[in-house]
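A.B. asks: The structure is given below, and queries will be raised subsequently.
Any read-out appearing in this document is the output of simple, stated calculations on the displayed coordinates, not a laboratory observation. Note that the coordinates shown come from a computational prediction; the quantities given were computed from them, not determined experimentally. Cβ sites come from the backbone with ideal geometry, for glycine too, and all protein chains shown count toward neighbours.
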Amino acid sequence: MYRLKKEFYHYVPSLVEQAPRSNHYAGKLYVLINGASGSMAAVVASFIKEYKTATFIGEESGGTMEGNTSEAYTFLVLPNSKIRVMIPLTKKVYNLNAIKGRGVLPDYNIAPRIDDLLNAVDTELNFALDLITEKKQIK
């Protein structure tokens, strides 16, 4: 367990953009997202969205596009109720064009209807497959 201190730190990694390998995938990429796309799924989707290398289908991601607070925590126990509250000690902020407090927004906002969910119909995947088929026919 981490202990909360008065000092805070700021870490800036020294990473550089890497050139793609000669045999990298150069085709169209389709990403399915929704409110359950949080944590690392939202981080990956954020970077893919920023570099405009994919078409996003579904609903807004659950994780925000601006960064996350998922590394170091401390716990606070409320004195009367004894409820434990987890407090993040770090926040990663990505150098992305993000709307504060919002997740990754899809290019095609496709949400399943209740009948689709009850009948195990994957609305987002079906839309993506139709979109891919249309694009193939257009070429």
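A.B. asks: Can you compute the FRET efficiency between GLU17 and PHE127 using 1/(1 + (r/R0)^6), with r the Cβ-Cβ distance and R0 = 30 Å? Round to the nearest 0.05.
C.D. replies: In this case the efficiency is close to 0.40.
A.B. asks: Across the stretch 19-36, in residue order, what do the Karplus-derived ³J(HN,Hα) couplings come to in whole Hz, using 6.51 cos²θ - 1.76 cosθ + 1.60 with θ = phi - 60° and x for Gly and Pro?
C.D. replies: Taking θ as phi minus 60°, the curve returns 6, x, 6, 5, 9, 5, 6, 10, x, 6, 10, 10, 10, 9, 9, 7, x, 7 Hz for the stretch 19-36.
A.B. asks: If you rank SER81, SER39, SER61 by fewest surrounding Cβ atoms within 10 Å, what's the result?
C.D. replies: With the sparsest Cβ surroundings first, the list reads SER81, SER39, SER61.
A.B. asks: In terms of modelled amide H atoms, which long-range or inter-chain residues lie less than 5 Å from the amide H of VAL31?
C.D. replies: Amide H neighbours of VAL31: THR55, PHE56, ILE57.
A.B. asks: Between TYR51 and ALA111, what is the spin-label point distance in nm, taking each point 7 Å from the Cα along the Cα→C-beta axis?
C.D. replies: Between TYR51 and ALA111, the simple spin-label model gives 3.1 nm.
A.B. asks: I need the semi-axes of the equivalent ellipsoid of the stretch 30-138: take the C-alpha gyration tensor, multiply each eigenvalue by 5, square-root it, list largest first in whole angstrom.
C.D. replies: Numbers: eigenvalues 229, 75, 15 Å².
In descending order, the three semi-axes are 34, 19, 9 Å.
A.B. asks: How many lysine pairs does the stretch 30-138 hold where the Cα atoms are under 27 Å apart and the two sit 8 or more places apart or on different chains?
C.D. replies: Total qualifying Lys-Lys pairs in the stretch 30-138 comes to 13.
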